[in-house]
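K.L.:
Sharing a structure with you now.
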Amino acid sequence: MKTTLILKTLLICLVSLSFNAQTLIRFSNAPILESDLNAITNMSKFNSTDPVYIAFEIHDVQKMKLVESESILISFKFMSGVQSIENYKIFATQDNTGIIRGSSVIIPPTNTENNFEVNSIYSGDFHNVFLYYMEKQAENSKKWNVSVEEFDIMVYDHLKGYCITIGLGASLEDADRFSQFAEMMTPNFTLKKPVGFTKELSKDYPFKTMINKSIEKASDLKKEMYTTITNKTKAPKDYTKNDFKGFEGEITRADVEKITMKVFNNTDYKMEMLSYYNNNISSIKKDNGFPDYKTVDVGFYATKNNGKCAYGRITLSSYYNGVNYEPWKIFNTKTIDCLCE
């Protein structure tokens with residue numbers, strides 16, 4: 001694949017700026033729909049039955065060149081005293097003037113638990129569910145002081161399933177699209193003045209019910225966004241070249257076809273094409289300099305029984321047993337649904 005990685009750290013979700021842009025953050029016990037937060041009064045105190053909503057505006061950020069499968073994520077670092085309790089990530093949009101806006105629910109309403117909406121997704125650290133921390137705090141305290149001092153700006157790709165790291169770790173292709181972030185190493189924005197709220201706590205709050213509902217809604221949102229994108233996206237050309245012939249002295253196309261049959265057996269997918277995902281085999285050594293293992297990535301294109309197609313990457317590995325390298329086997333796979341060619 002033509003994209004060259006500066007560092008293989010694409011699973012690290014970090015996009016940052018080095019200047020302090022104007023930022024407005026508002027908390028409320030009802031969803032905030034107005035776009036101009038200057039006209040909104042911020043709530044700083046909530047009783048035990050109040051939900052907590054957040055809305056924000058980030059100004060003076062150069063317009064980002066997103067592709068269709070990408071969304072902006074803002075990650076707020078919530079603190080309780082000196083303890084970090086949550087990096088809460090919320091989807092946002094950016095208008096033509098560069099203003100980034102977003103809103104979500106932090107603590108859902110219990111009286112309309114089936115109607116509240118989340119604007120985040122559950123996947124590892126994308127949505128660690130704020131309620132877990134509130135439940136722990138309620139065991140020993142009747143009040144909870146929460147504040148935000150820092151936040152990150154990220155770009156999440158719904159198809160690839162990870163945040164694009166701009167600067168170190170970014171592909172040259174992505175760094176070109178996000179030139180305003182390239183080589184910026186400051187990990188976050190620091191607010192000129194922390195913002196926060198005080199929440200009264202009650203052990204009677206239905207923690208388990210609301211935690212499960214929050215996870216469910218966040219998971220549903222992730223699936224919905226993925227489905228929407230795959231219903232109108234075709235596979236990148238790099239996955240449909242069908243030019244993979246293997247690597248001389250290492251592995252042939254026939255070898256890969258035989259191995260990858262295991263990936264698609266008993267599934268709705270049928271492999272159609274194999275393409276070079278990169279042009280080399282990576283050799284990993286141990287700390288003492290002796291060989292450890294080798295890996296190779298192969299791109300594939302497949303048809304699906306439901307009339308859709310898919311593309312993705314298969315990573316093969318071969319471990320060194322002290323005498324020679326063992327046969328290649330599947331190390332990892334990534335499959336993305338798409339429209340057919």
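K.L.:
Is there a residue being small (Gly, Ala, Ser) and surrounded by fewer than 12 Cβ atoms within 10 Å (Cβ to Cβ) anywhere in the range 285-293? Show your work before the answer.
P.N.:
If we filter the range 285-293 for residues that are small (Gly, Ala, Ser), which is where we start, we get 289.
Adding the requirement that they be surrounded by fewer than 12 Cβ atoms within 10 Å (Cβ to Cβ) leaves 289.
Yes: one or more hits.
K.L.:
Then there's this: Of (1) in contact with an Asp or Glu (Cβ under 9 Å, 6 or more places away or on another chain); (2) part of a loop (DSSP other than H, G, I, E, B); (3) at pLDDT below 90; (4) hydroxyl-bearing (Ser, Thr, Tyr), SER48 satisfies all except one. Which?
P.N.:
Going through (1) in contact with an Asp or Glu (Cβ under 9 Å, 6 or more places away or on another chain); (2) part of a loop (DSSP other than H, G, I, E, B); (3) at pLDDT below 90; (4) hydroxyl-bearing (Ser, Thr, Tyr) one by one, SER48 breaks only (3).
K.L.:
Considering each residue of the range 294-306, count those that are surrounded by fewer than 16 Cβ atoms within 10 Å (Cβ to Cβ) and touching a helix residue (DSSP H, G or I) at 6+ places or on another chain (Cβ under 8 Å), and give that number.
P.N.:
So the answer is 0.
K.L.:
Consider the range 222-237. How many of its residues are surrounded by 14 or more Cβ atoms within 10 Å (Cβ to Cβ) and either closer than 13 Å to CYS338 by Cβ or touching a Pro at 6+ places or on another chain (Cβ under 8 Å) (or both)?
P.N.:
We begin by selecting, within the range 222-237, every residue surrounded by 14 or more Cβ atoms within 10 Å (Cβ to Cβ); these are 222, 225-226, 229-230, 233-236.
Subsequent filtering for residues that are either closer than 13 Å to CYS338 by Cβ or touching a Pro at 6+ places or on another chain (Cβ under 8 Å) (or both) retains 226, 229-230, 233-236.
Count: 7.
K.L.:
Next up: Does the range 308-323 contain at least one residue that is surrounded by 17 or more Cβ atoms within 10 Å (Cβ to Cβ) and β-branched (Val, Ile, Thr)?
P.N.:
Scanning the range 308-323, I find at least one residue that is surrounded by 17 or more Cβ atoms within 10 Å (Cβ to Cβ) and β-branched (Val, Ile, Thr), so the answer is yes.
K.L.:
Counting just the residues of the range 319-339 that are in contact (Cβ under 8 Å) with a residue 40 or more places away in the chain and over 24 Å from the mean Cα position of the chain (by Cα), which one comes out nearest to THR233 (Cα to Cα)?
P.N.:
Our first condition is that a residue be in contact (Cβ under 8 Å) with a residue 40 or more places away in the chain; within the range 319-339, this holds for 328-330, 333-339.
Checking the rest, the ones that are also over 24 Å from the mean Cα position of the chain (by Cα) come to 328-330.
Details: TRP328: 32, LYS329: 30, ILE330: 27 Å.
Out of the qualifying residues, it is ILE330.
K.L.:
Continuing with this model, one more query. Any residue that is over 20 Å from ASN87 (Cα atoms) and at pLDDT below 85 - is there at least one of those in the range 25-34? Give the steps one after another, and end with the answer.
P.N.:
Residues of the range 25-34 that are over 20 Å from ASN87 (Cα atoms), as a first pass: 29-34.
After this cut, where a residue has to be at pLDDT below 85 as well, the list is 33-34.
Yes, some residue in the range 25-34 is over 20 Å from ASN87 (Cα atoms) and at pLDDT below 85.
K.L.:
Could you grab me the full set of residues in the range 187-220 that are in contact with a His (Cβ under 9 Å, 6 or more places away or on another chain) and crowded, with 17+ Cβ neighbours inside 10 Å?
P.N.:
SER214, ALA218 - these are the residues of the range 187-220 that are in contact with a His (Cβ under 9 Å, 6 or more places away or on another chain) and crowded, with 17+ Cβ neighbours inside 10 Å.
K.L.:
While we're here: Can you find a residue that is loosely packed, with under 14 Cβ neighbours inside 10 Å and assigned by TED's automatic domain parsing to the domain that holds GLU135 anywhere in the range 49-60? Walk me through how you get there before you give the answer.
P.N.:
Within the range 49-60, the first condition is being loosely packed, with under 14 Cβ neighbours inside 10 Å, and the residues that meet it are 49, 59.
Next cut, assigned by TED's automatic domain parsing to the domain that holds GLU135 only: 49, 59.
The answer is yes, given that some residue of the range 49-60 is loosely packed, with under 14 Cβ neighbours inside 10 Å and assigned by TED's automatic domain parsing to the domain that holds GLU135.
K.L.:
Would you mention how many residues in the range 246-275 are under 27 Å from the mean Cα position of the chain (by Cα) and over 18 Å from ALA310 (Cβ atoms)?
P.N.:
Count: 0.
Okay, residues lined up against (1) at pLDDT 90 or above; (2) touching a strand residue (DSSP E or B) at 6+ places or on another chain (Cβ under 8 Å); (3) in a strand (DSSP E or B):
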{"site": "THR260", "(1), (2), (3)": "no, yes, no"}
{"site": "VAL263", "(1), (2), (3)": "no, yes, no"}
{"site": "LEU274", "(1), (2), (3)": "yes, yes, yes"}
{"site": "ASN278", "(1), (2), (3)": "no, yes, no"}
{"site": "ILE284", "(1), (2), (3)": "yes, yes, yes"}
{"site": "LYS294", "(1), (2), (3)": "yes, yes, yes"}
{"site": "PHE300", "(1), (2), (3)": "yes, yes, yes"}
{"site": "ASN306", "(1), (2), (3)": "no, no, no"}
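K.L.:
I'd like to know if the range 208-231 contains one or more residues that are among the charged types (D, E, K, R) and in a strand (DSSP E or B). If you could, list the steps in order and put the result at the bottom.
P.N.:
Going through the range 208-231, the residues among the charged types (D, E, K, R) turn out to be 208, 213, 216-217, 220, 222-224.
With in a strand (DSSP E or B) added as a condition, the list becomes none.
Looking through the range 208-231, none of the residues is among the charged types (D, E, K, R) and in a strand (DSSP E or B).
K.L.:
Please tell me if SER147 is modelled with pLDDT of 85 or more, assigned to a strand (DSSP E or B), of a type in the set (S, T, N, Q) and surrounded by fewer than 17 Cβ atoms within 10 Å (Cβ to Cβ).
P.N.:
Considered against the rule, which asks whether it is modelled with pLDDT of 85 or more, assigned to a strand (DSSP E or B), of a type in the set (S, T, N, Q) and surrounded by fewer than 17 Cβ atoms within 10 Å (Cβ to Cβ), SER147 comes out as yes.
K.L.:
Restrict the check to the range 248-260 and report whether at least one residue is of a type in the set (Asp, Glu), in contact with a Ser or Thr (Cβ under 8 Å, 6 or more places away or on another chain) and surrounded by fewer than 17 Cβ atoms within 10 Å (Cβ to Cβ). If you could, list the steps in order and put the result at the bottom.
P.N.:
So in the range 248-260, the residues of a type in the set (Asp, Glu) come out as 248, 250, 255, 257.
Add one more test, that the residue is in contact with a Ser or Thr (Cβ under 8 Å, 6 or more places away or on another chain), and what stays is none.
Looking for residues that are of a type in the set (Asp, Glu), in contact with a Ser or Thr (Cβ under 8 Å, 6 or more places away or on another chain) and surrounded by fewer than 17 Cβ atoms within 10 Å (Cβ to Cβ), one finds none in the range 248-260, hence no.
K.L.:
Has the range 106-116 got at least one residue that is crowded, with 20+ Cβ neighbours inside 10 Å and among the charged types (D, E, K, R)?
P.N.:
There is no residue in the range 106-116 that is crowded, with 20+ Cβ neighbours inside 10 Å and among the charged types (D, E, K, R).
The values are calculated or read from the model by the stated rules, or taken from the named source; none is laboratory data. Bear in mind the structure is a predicted one, so any value in this text is a computation, not a measurement. Positions of Cβ are backbone-derived with ideal geometry, glycine not excepted, and every protein chain shown enters the neighbour counts.
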